[in-house]
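Heads up, the thing below is written out as structure tokens.
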Amino acid sequence: MANNTKQSIKRVSIMFIIMFLCCALYIIKIVCIDRDKIMVNSYNPRLNFDNKTIKRGDIKDIDGYVLAYSEYHDGEYIRKYNNAETSCHVVGYTGAGKYGIESSKNFILQNISNEVFQRLKNIIKNSEIECDNLYLTIDKDLQDIASNLIKNNKGAVVVEEVSTGRILCMLSKPQFNPQNIYEEWENIKDDENSPLLNRAINGLYTPGSVFKIVTSVAAIRNGMTDFNFNCEGESSFYNKIIHCFKNKSHGEEDIIKAFANSCNVYFSNAAVKMGAEALIKTSNDMLFNTNINFDLDISPSLVQLEASSSESELVETSIGQGKTLVTPVFMACITQAIANNGVMMKPYIVDHIENYSDVTIKTTVPEVYANILTKDECNKLKEMMIETVNSGTGSNANSEYFQVAGKTGTAENPAGNDHIWFIGFAPADNPQYAVSVVIENGDGNVNAAVVARKMLYNAINRNNL
Amino acid sequence: MFELLIILSRYVFIIYIAVFLFNGTAYILDEAGLTKRSHRGGIFICRTMAALTHITAFLIISYDKVNIKYSIPNLAVAVAGFAVILMSGYIAEKVYKDGCPLVWNCVIFLLDISIIMLVRLNYVLAVKQIIWICFGFFVTMWMPVFIKIVPKFEKLESIYIILSFLLIILTFLLGSKEYGAINWIHIGNFSFQPSEIVKFLYIFYIASIFRKKVNLKELLITAFLSALIVILLVFQKDLGSALIFYMTYVVMLYMATSNEVLLYMGLGALCAGSFTAYKLFSHVRLRVAAWKNPWIDIDSGGYQICQSLFAISTGGLFGSGLTNGMPLSIPVVSKDFIFAAICEEFGALYAICLICIFVLLFVRGMMIAFKCQRRYYGIIAAGFTAMMSFQTFIIIGGVIKLIPLTGVTLPFISYGGTSILVSILSVSFIQWVNGYQKRIERSELNG
């Protein structure tokens, strides 16, 4: 070969080596950096594998209470649930099908730490091969309390720690017993009350007046902080008349009074003044219409409004009616962000993972999910929410132990009674916990604001329980 | 007990391949004149490592966990596969007396991984693959004879290109669709991929043209004809092959002319061409969309690549252990996606080592071209090496989502008769060139 040809062959060879080096580096990136993000996808069939010859990891609550464990029986391990009914939607079940944490963390629950060592020990001493154990952030005591407070109603309760995004309580009613899910499968599956639905993350509810938080933020962002309106109990729009609750006329109001009174007339007029696009932009900025990353799949909360939507759709949306749908956990996240100066923390429910010899191998570190509000906006909202509890619609949440800030909601519902909402946080001056409560078709025997207040009290005094 | 063996075998496999790579690299450095040591022993160690990999792997995949015994058919394949590979290596070395032993070792190692993975995935395909390997080496045996019969084969450029076009047009007329691309012809029970054979002819064509200094007119004609082949392949939706042909053309042009302007023009035209294809063809846009974000379209367009990434990421650095993964959930796993299956069960580290074996093979191929005194043979050797390199890069890069996925086979490893045949013949030709060069060197020494 001529010399210049040799030169170019050399260069081409170097180019190939670089190309394959890129492949190698990219594989390392997939396996070392992106691994945890990629493999947890629910489409990965490997997450559903089941190995009954090894001891599946325990699922415990934050205090170490064992909610789920495995027991050796006739040649294979069988899953047992320990009074886990109040946590059934979070813990889930495993077997022919999987649900909840049992499904989404299946891989971790069957991961064998120090596998070579454990298998050697198994051969020599016939010891059990134990997988990694999961510690959740939920507190079984709080789950039980919430379950008792909701009584026989359908609904959901979420309690989230403001500074971290830790979920202390995630309750959904009605419940099922994960222990005999397979014997009862036909009944449970066809039950018209859908006990299998985790209402906290997958229940899509009309928000009613709790949505006025979003409308308020939009008003503040569009220079309407000083917007005043004279409420006469009802207000006419194109093709639509908006009434206040029981047609009560609230008179001349500023945003704080209107919020505390949950005045439909004020907020619908504010919405018309700022226009649909302002409300759409604010709700998108507050992470409506997006998927929230979580250890379990959260259904996205939707504000289905368009710039071309009619005026009646706009005013309905502004007071939380219309086609808007939210999940209780998402409202808890919004509340947490208001309490945390606008910083939404990434919600999480797996606290840490321990291996067979109780060595912690991974701890969830709280992380910022998004900055959805400014500090000024939060201060204003806080003021409005305190006013609501102290002298407005949320007086049932008023506690003698600490100042609660909150918002009530009543969502009209074509089938049956209204759904009752309460979202809030406490203590208002130094927020620790945010809570979101929804009660379906509330008939008055349970008050959402009371449930919220008691949950906040028990969360704050959790260590004394 | 057996589980423990599988877990431990993951590390053992990595040791085998590392030893192979160490000795292979030493051999190459030695050949390049960078170190001085005897390498005969290294070659023997490499082959031993291939044999140990084979034995260890079959001890695992032949074991029937449910019935707690060894499965006889699998053991039979194990023995047959072992025999075939050793025999093939032996025949190849006898026929190509002065071939590079390292190249054969790499080929044997890769073919062995292919048989192991195919037995693991689909027993029937493994048996067929072994038959194809036999056939490939059988054809290889006769190639030097054929070259002797047709001594002036560098002057047949018009025949090569006409045959190429005939085959491609034939695919349009008789071809059937597989995974969206029209690149298979079925005649009775027999089916083959014409574009694979065209690869062979095409290299001969380009080398025949470039064996002497080319004038502008010839350059334009080859450029035009190459572009035509590439465009026809794009129309057949065989994007991978189109890319391979194009890149091989550009690189061969560069190596033959040493003109960097042509190289950059070629790469520029690639960008322009890809952009035009992106605008013109919806199937190109689909591929790019599936590459940019497969997760949003996981049910249809992104399905294959997502399943592949699941396998690779779940396997992790050391893999799940042979038979412990779920590679059968990956689509087309025995062909295009076999690399993902290897990643899953052998682990990412092993897969990277496997890439290194490909690199050893290609570097050695380029070295043979580098040393060859007769320009025509040198260009052919470089062309085959470049073509295999691009093919390997395109499919590995596609499977790991480094580049948009285009379906081509992984040389030596993917299941497929035409693929195996063309891969073996390409390497054999490179070996023949090496032998040719050695003979010339010897006669120069004697004369």
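The values are calculated or read from the model by the stated rules, or taken from the named source; none is laboratory data. Note that the coordinates shown come from a computational prediction; the quantities given were computed from them, not determined experimentally. Backbone-built Cβ (ideal geometry, glycine too); neighbour counts: all protein chains shown.
Would you confirm whether any residue within segment A:24-36 is under 30 Å from A:Cys88 (Cα atoms) and facing chain B (nearest Cβ under 9 Å)?
Going through segment A:24-36, the residues under 30 Å from A:Cys88 (Cα atoms) turn out to be A:35-36.
From what's left, facing chain B (nearest Cβ under 9 Å): A:35-36.
Yes, because at least one residue in segment A:24-36 is under 30 Å from A:Cys88 (Cα atoms) and facing chain B (nearest Cβ under 9 Å).
Return the residues of segment B:66-92 that are loosely packed, with under 12 Cβ neighbours inside 10 Å and either among the charged types (D, E, K, R) or in contact with a strand residue (DSSP E or B) (Cβ under 9 Å, 6 or more places away or on another chain) (or both); say none if nothing qualifies.
Hit for segment B:66-92 is B:Lys69, nothing else.
So A:Asn230 ticks every box in (1) surrounded by fewer than 19 Cβ atoms within 10 Å (Cβ to Cβ); (2) in a loop (DSSP other than H, G, I, E, B) but one. Which box is left unticked?
Only one criterion is unmet by A:Asn230, namely (2).
Give the residue that is farthest from B:Leu52 (Cα to Cα), with candidates limited to residues of segment B:15-27 that are in contact with a helix residue (DSSP H, G or I) (Cβ under 6 Å, 6 or more places away or on another chain) and within 14 Å of chain A (Cβ to nearest Cβ).
Taking segment B:15-27 and keeping what is in contact with a helix residue (DSSP H, G or I) (Cβ under 6 Å, 6 or more places away or on another chain), we get B:16-17, B:19-21, B:23-24, B:26-27.
Filter again for within 14 Å of chain A (Cβ to nearest Cβ), leaving B:17, B:21.
Numbers: B:Ile17: 10, B:Leu21: 14 Å.
Going through the qualifying residues, I end up with B:Leu21.
Being assigned to a loop (DSSP other than H, G, I, E, B) and of a type in the set (A, V, I, L, M) is the requirement here; does A:Leu373 meet it?
Judged against the criteria, A:Leu373 is a match.
Test of understanding: among B:Lys213, B:Lys237, which residue is in contact with a strand residue (DSSP E or B) (Cβ under 6 Å, 6 or more places away or on another chain) and not in a helix (DSSP H, G or I)?
Numbers: B:Lys213 fails: in contact with a strand residue (DSSP E or B) (Cβ under 6 Å, 6 or more places away or on another chain).
Of B:Lys213, B:Lys237, the one residue that is in contact with a strand residue (DSSP E or B) (Cβ under 6 Å, 6 or more places away or on another chain) and not in a helix (DSSP H, G or I) is B:Lys237.
Going through segment B:222-261 one residue at a time, which ones are polar (S, T, N, Q) and within 14 Å of B:Gly273 (Cβ to Cβ)?
Filtering segment B:222-261 for residues polar (S, T, N, Q) gives B:222, B:226, B:236, B:241, B:248, B:257-259.
Hit for segment B:222-261 is B:Ser226, nothing else.
Identify, please: which residue in segment B:293-306 is more than 8 Å from chain A (Cβ to nearest Cβ) and within 13 Å of B:Gly398 (Cα to Cα) and is, among those, surrounded by the fewest Cβ atoms within 10 Å (Cβ to Cβ)?
Here the residue is B:Pro294.
Among the residues of segment A:42-66 satisfying the criterion of being touching a Cys at 6+ places or on another chain (Cβ under 7 Å) and either farther than 23 Å from A:Thr137 by Cα or within 9 Å of chain B (Cβ to nearest Cβ) (or both), which is modelled with the highest pLDDT? Spell out how you get there, then give the answer.
Of all residues in segment A:42-66, those touching a Cys at 6+ places or on another chain (Cβ under 7 Å) come to A:43, A:54-57.
Within this subset, residues satisfying the condition of being either farther than 23 Å from A:Thr137 by Cα or within 9 Å of chain B (Cβ to nearest Cβ) (or both) are A:43, A:54.
Details: A:Tyr43: 86, A:Ile54: 89.
Among those residues, the one meeting the criterion is A:Ile54.
Find all pairs meeting these conditions: Cβ atoms under 7 angstrom apart; at least six residues apart or on different chains; first residue within segment A:271-287 and without any contact (Cβ under 8 Å) to a residue 60 or more places away in the chain; second residue in a helix (DSSP H, G or I) and among the acidic types (Asp, Glu).
Note: pairs meeting the criteria are A:Val272/A:Glu311.
Taking the residues in segment A:95-125 that are away from every other protein chain (no Cβ under 12 Å) and at positive phi as candidates, determine which candidate is modelled with the highest pLDDT.
Going through the qualifying residues, I end up with A:Gly100.
Any chance you could count how many residues in segment A:66-93 are among the polar types (S, T, N, Q) and buried (at least 24 other Cβ atoms within 10 Å of the Cβ)? Reasoning before the result, please.
Kept after step one, since they are among the polar types (S, T, N, Q), are these residues of segment A:66-93: A:70, A:82-83, A:86-87.
Remaining after also requiring buried (at least 24 other Cβ atoms within 10 Å of the Cβ): A:86-87.
Residues in segment A:66-93 being among the polar types (S, T, N, Q) and buried (at least 24 other Cβ atoms within 10 Å of the Cβ): 2 in total.
Inspect segment B:34-41 for any residue being assigned to a helix (DSSP H, G or I), of a type outside the set (Phe, Trp, Tyr), in contact with a helix residue (DSSP H, G or I) (Cβ under 9 Å, 6 or more places away or on another chain) and on the phi < 0 side of the Ramachandran plot and give the result as yes or no. Can you show your working first?
Here is the first cut: in segment B:34-41, the ones assigned to a helix (DSSP H, G or I) are B:40-41.
Checking the rest, the ones that are also of a type outside the set (Phe, Trp, Tyr) come to B:40-41.
Still in the running and in contact with a helix residue (DSSP H, G or I) (Cβ under 9 Å, 6 or more places away or on another chain): B:40-41.
Next, from what is left, pick out any that are on the phi < 0 side of the Ramachandran plot: B:40-41.
Yes: segment B:34-41 contains one or more residues that are assigned to a helix (DSSP H, G or I), of a type outside the set (Phe, Trp, Tyr), in contact with a helix residue (DSSP H, G or I) (Cβ under 9 Å, 6 or more places away or on another chain) and on the phi < 0 side of the Ramachandran plot.
I'm checking my understanding of the structure. Among residues of segment B:230-241 that are surrounded by fewer than 24 Cβ atoms within 10 Å (Cβ to Cβ) and among the hydrophobic types (A, V, I, L, M, F, W, C), which one is nearest to the other protein chains (Cβ to nearest Cβ)?
B:Val230
Determine whether B:Met265 is under 22 Å from the mean Cα position of the chain (by Cα) and part of a helix (DSSP H, G or I). Steps first, please.
Details: under 22 Å from the mean Cα position of the chain (by Cα): no; part of a helix (DSSP H, G or I): yes.
No.
I'm trying to understand the selection: among the residues of segment B:106-139, which are among the hydroxyl-bearing types (Ser, Thr, Tyr) and either crowded, with 24+ Cβ neighbours inside 10 Å or not assigned by TED's automatic domain parsing to the domain that holds B:Val95 (or both)?
Here is the first cut: in segment B:106-139, the residues among the hydroxyl-bearing types (Ser, Thr, Tyr) are B:114, B:123.
Of everything in segment B:106-139, just one residue is among the hydroxyl-bearing types (Ser, Thr, Tyr) and either crowded, with 24+ Cβ neighbours inside 10 Å or not assigned by TED's automatic domain parsing to the domain that holds B:Val95 (or both), namely B:Ser114.
Give me the helices (runs of 4 or more DSSP H) completely within segment A:111-223, filtered to those with at least 1 residues that are in contact with a Ser or Thr (Cβ under 8 Å, 6 or more places away or on another chain), ordered by residue number.
Details: elements: A:115-125, A:140-150, A:185-190, A:199-202, A:212-221.
The qualifying helices (runs of 4 or more DSSP H) are A:115-125, A:140-150, A:199-202, A:212-221.
A quick yes/no check of all residues on (1) buried (at least 22 other Cβ atoms within 10 Å of the Cβ); (2) in contact (Cβ under 8 Å) with a residue 24 or more places away in the chain; (3) within 14 Å of chain A (Cβ to nearest Cβ); (4) outside any loop (DSSP other than H, G, I, E, B):
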| position | (1), (2), (3), (4) |
| --- | --- |
| B:Ser195 | yes, yes, no, yes |
| B:Tyr249 | yes, yes, yes, yes |
| B:Ala269 | no, no, no, yes |
| B:Thr276 | no, no, no, yes |
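If you go through segment A:1-23 one residue at a time, how many are hydrophobic (A, V, I, L, M, F, W, C), part of a helix (DSSP H, G or I) and within 7 Å of another protein chain (Cβ to nearest Cβ)? Give the derivation first.
Just the residues of segment A:1-23 that are hydrophobic (A, V, I, L, M, F, W, C), to begin with: A:1-2, A:9, A:12, A:14-23.
Next, from what is left, pick out any that are part of a helix (DSSP H, G or I): A:9, A:12, A:14-23.
Those left that are additionally within 7 Å of another protein chain (Cβ to nearest Cβ): A:9, A:12, A:16-17, A:19-20, A:22-23.
Summing the residues that are hydrophobic (A, V, I, L, M, F, W, C), part of a helix (DSSP H, G or I) and within 7 Å of another protein chain (Cβ to nearest Cβ) in segment A:1-23 gives 8.
Within segment A:60-109, which residues are of a type in the set (Phe, Trp, Tyr), part of a strand (DSSP E or B) and closer than 24 Å to B:Thr314 by Cβ? Show your work before the answer.
Taking segment A:60-109 as the starting set, the residues that turn out to be of a type in the set (Phe, Trp, Tyr) are A:65, A:69, A:72, A:77, A:81, A:93, A:99, A:107.
Retained after the next criterion (residues that are part of a strand (DSSP E or B)): A:69, A:72, A:77, A:81, A:93, A:99.
Passing the criteria: A:Tyr77, A:Tyr93, A:Tyr99.
Among the residues of segment B:308-324 satisfying the criterion of being at the interface with chain A (Cβ under 9 Å from one of its Cβ atoms) and buried (at least 24 other Cβ atoms within 10 Å of the Cβ), which is farthest from the chain's Cα centre (by Cα)?
Restricting attention to segment B:308-324, the residues satisfying the condition of being at the interface with chain A (Cβ under 9 Å from one of its Cβ atoms) are B:309-317, B:320.
Going one step further and asking which of them are buried (at least 24 other Cβ atoms within 10 Å of the Cβ), we end up with B:309-315.
Details: B:Leu309: 21, B:Phe310: 24, B:Ala311: 22, B:Ile312: 20, B:Ser313: 24, B:Thr314: 26, B:Gly315: 24 Å.
Ranking the candidates gives B:Thr314 first.
Please list, ordered by residue number, the helices (runs of 4 or more DSSP H) wholly in segment B:333-414 having 3 or more residues that are modelled with pLDDT under 95, more than 7 Å from chain A (Cβ to nearest Cβ) and over 14 Å from the mean Cα position of the chain (by Cα). Working first, answer last.
Values: elements: B:338-346, B:348-371, B:375-399.
It comes to B:348-371, B:375-399.
Please enumerate the residues belonging to segment B:251-266 that are of a type in the set (A, V, I, L, M, F, W, C) and exposed (fewer than 14 other Cβ atoms within 10 Å of the Cβ). Explain how you work it out, then say what you get.
First, pick out the residues of segment B:251-266 that are of a type in the set (A, V, I, L, M, F, W, C): B:251-253, B:255-256, B:261-263, B:265.
Hit for segment B:251-266 is B:Val261, nothing else.
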